[in-house]
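Engineer: Please find one structure pasted underneath; my questions will follow.
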Amino acid sequence: RVDRDYDGEKTLLPRRFFLLLEASGGGLTEGELLPLLGGVPQARFAPLRLALEMFTAVSGGAVHIAVPSFRQAVLDHYAPEESELMDWRRKIADWFYENPDPPRRFRVLPRLLRETGQSERLFEILSGPACFDALWRHNKYEIREYWAELEAGGESAAEGYRSLLEDPSQHDGVLLTHMAEFFAEKGEPERAQKLLE
């Protein structure tokens with residue numbers, strides 16, 4: 001029925017909407033969805049959201065499919081290949097990478113970069129103090145996991161945070177305390193001590 005209601009859309013709005021939600025992993029906010037859908041007008045998007053309200057939910061501002069059987073029906077109906085979902089993940093990651101303003105950027109982007117194998121971009125994003133701060137406050141185990149994977153590939157957190165380690169006085173004390181804990185738990189007490197001092 002939703003497909004039929006939007007049959008005039010050459011861009012297949014419902015299919016793109018569902019695959020974006022599926023590819024995102026944790027859902028997307030309206031402010032993220034609209035540009036990712038190609039700048040579809042709010043007047044065109046709102047009726048679709050209302051039609052699907054009983055199957056979706058909003059958590060932390062992000063819309064996601066809330067009914068498991070409906071999610072399975074979506075996957076069965078549209079039958080996306082894994083390569084297509086990976087393309088959508090890359091598109092979402094590119095959007096967050098190129099748009100520094102969305103508040104959820106540091107919560108969403110690192111995971112998508114990891115899932116799409118973009119380790120250079122992941123290293124770049126994680127190396128920013130703002131990203132470290134956002135991830136540490138949300139879930140400190142997540143940033144440890146990202147760095148463990150990058151370091152297994154030859155990267156180094158000490159290199160990523162080199163400018164901060166060389167001149168910690170330019171940064172907030174709470175951030176330095178968190179980063180000291182990070183390095184202490186990594187088995188690098190000298191760096192942790194320097195940050196604490």
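Engineer: Of the numbered conditions (1) surrounded by 15 or more Cβ atoms within 10 Å (Cβ to Cβ); (2) under 23 Å from the mean Cα position of the chain (by Cα); (3) assigned to a helix (DSSP H, G or I), A184 fails exactly one; give the number of that condition.
Structural biologist: Condition (2) is where A184 drops out.
Engineer: Separate question: Exactly one of these conditions fails for M86: (1) part of a loop (DSSP other than H, G, I, E, B); (2) at negative phi. Give me its number.
Structural biologist: The one condition M86 does not meet is (1).
Engineer: Take the range 141-170 and flag every residue that is surrounded by fewer than 16 Cβ atoms within 10 Å (Cβ to Cβ) and over 16 Å from E185 (Cα atoms).
Structural biologist: A152, G153, G154, E159, R162, S163, E166, D167, S169, Q170
Engineer: May I ask you to list the residues in the range 104-134 that are over 11 Å from the mean Cα position of the chain (by Cα), surrounded by fewer than 19 Cβ atoms within 10 Å (Cβ to Cβ) and part of a helix (DSSP H, G or I)?
Structural biologist: S119, E120, R121, E124, P129, A130, D133, A134
Engineer: Quick check: anything in the range 69-80 more than 15 Å from the chain's Cα centre (by Cα) and closer than 30 Å to Q170 by Cα?
Structural biologist: Here is the first cut: in the range 69-80, the residues more than 15 Å from the chain's Cα centre (by Cα) are 69-80.
The next check asks that each one be closer than 30 Å to Q170 by Cα; those that pass are none.
Within the range 69-80, none of the residues are more than 15 Å from the chain's Cα centre (by Cα) and closer than 30 Å to Q170 by Cα.
Engineer: Across the range 135-168, what is the total count of residues that are of a type in the set (S, T, Y) and either in a helix (DSSP H, G or I) or touching a residue at least 40 places away in the same chain (Cβ under 8 Å) (or both)? Break it down into steps so the answer makes sense when it comes.
Structural biologist: Filtering the range 135-168 for residues of a type in the set (S, T, Y) gives 141, 146, 156, 161, 163.
This time we only want the ones that are either in a helix (DSSP H, G or I) or touching a residue at least 40 places away in the same chain (Cβ under 8 Å) (or both), so: 141, 146, 163.
Residues in the range 135-168 being of a type in the set (S, T, Y) and either in a helix (DSSP H, G or I) or touching a residue at least 40 places away in the same chain (Cβ under 8 Å) (or both): 3 in total.
Engineer: Is it the case that some residue within the range 112-122 is basic (K, R) and touching a residue at least 40 places away in the same chain (Cβ under 8 Å)? Before the answer, list the steps.
Structural biologist: In the first step, residues of the range 112-122 are kept if they are basic (K, R); the result is 114, 121.
Imposing the further condition that a residue be touching a residue at least 40 places away in the same chain (Cβ under 8 Å) reduces the set to none.
Checked the range 112-122: no residue is basic (K, R) and touching a residue at least 40 places away in the same chain (Cβ under 8 Å).
Engineer: Something else about it: List every residue pair whose Cβ atoms sit under 6 Å apart, with the two residues 6 or more apart in sequence or on different chains, where the first one lies in the range 42-62 and is closer than 13 Å to E30 by Cα and touching a residue at least 12 places away in the same chain (Cβ under 8 Å) and the second, anywhere, is among the small types (G, A, S) and surrounded by fewer than 12 Cβ atoms within 10 Å (Cβ to Cβ).
Structural biologist: Nothing qualifies.
Engineer: Which residues, taken from the range 70-97, are in contact with a strand residue (DSSP E or B) (Cβ under 8 Å, 6 or more places away or on another chain) and open to solvent by 50 Å² or more (accessible area, probe 1.4 Å)? Full working, then the answer.
Structural biologist: Taking the range 70-97 first, the residues in contact with a strand residue (DSSP E or B) (Cβ under 8 Å, 6 or more places away or on another chain) are 71, 74, 92.
Hit for the range 70-97 is R71, nothing else.
Engineer: Right, something else. Filter the range 22-41 down to the residues that are assigned to a helix (DSSP H, G or I), in contact (Cβ under 8 Å) with a residue 24 or more places away in the chain and open to solvent by 10 Å² or more (accessible area, probe 1.4 Å) and list them by number. Before you say what the answer is, go through the steps one by one.
Structural biologist: If we filter the range 22-41 for residues that are assigned to a helix (DSSP H, G or I), which is where we start, we get 22-24, 30-36.
Going one step further and asking which of them are in contact (Cβ under 8 Å) with a residue 24 or more places away in the chain, we end up with 22-24, 30-33, 35-36.
Those that are assigned to a helix (DSSP H, G or I), in contact (Cβ under 8 Å) with a residue 24 or more places away in the chain and open to solvent by 10 Å² or more (accessible area, probe 1.4 Å): E22, E30, G31, P35.
The values are calculated or read from the model by the stated rules, or taken from the named source; none is laboratory data. Everything numeric here is computed off the predicted structure, so don't read it as measured data. Backbone-built Cβ (ideal geometry, glycine too); neighbour counts: all protein chains shown. To get the accessible areas, we keep the full protein, side chains included, count just its heavy atoms, and leave off ligands, DNA and RNA. Shrake-Rupley method; radii C 1.70, N 1.55, O 1.52, S 1.80 Å.
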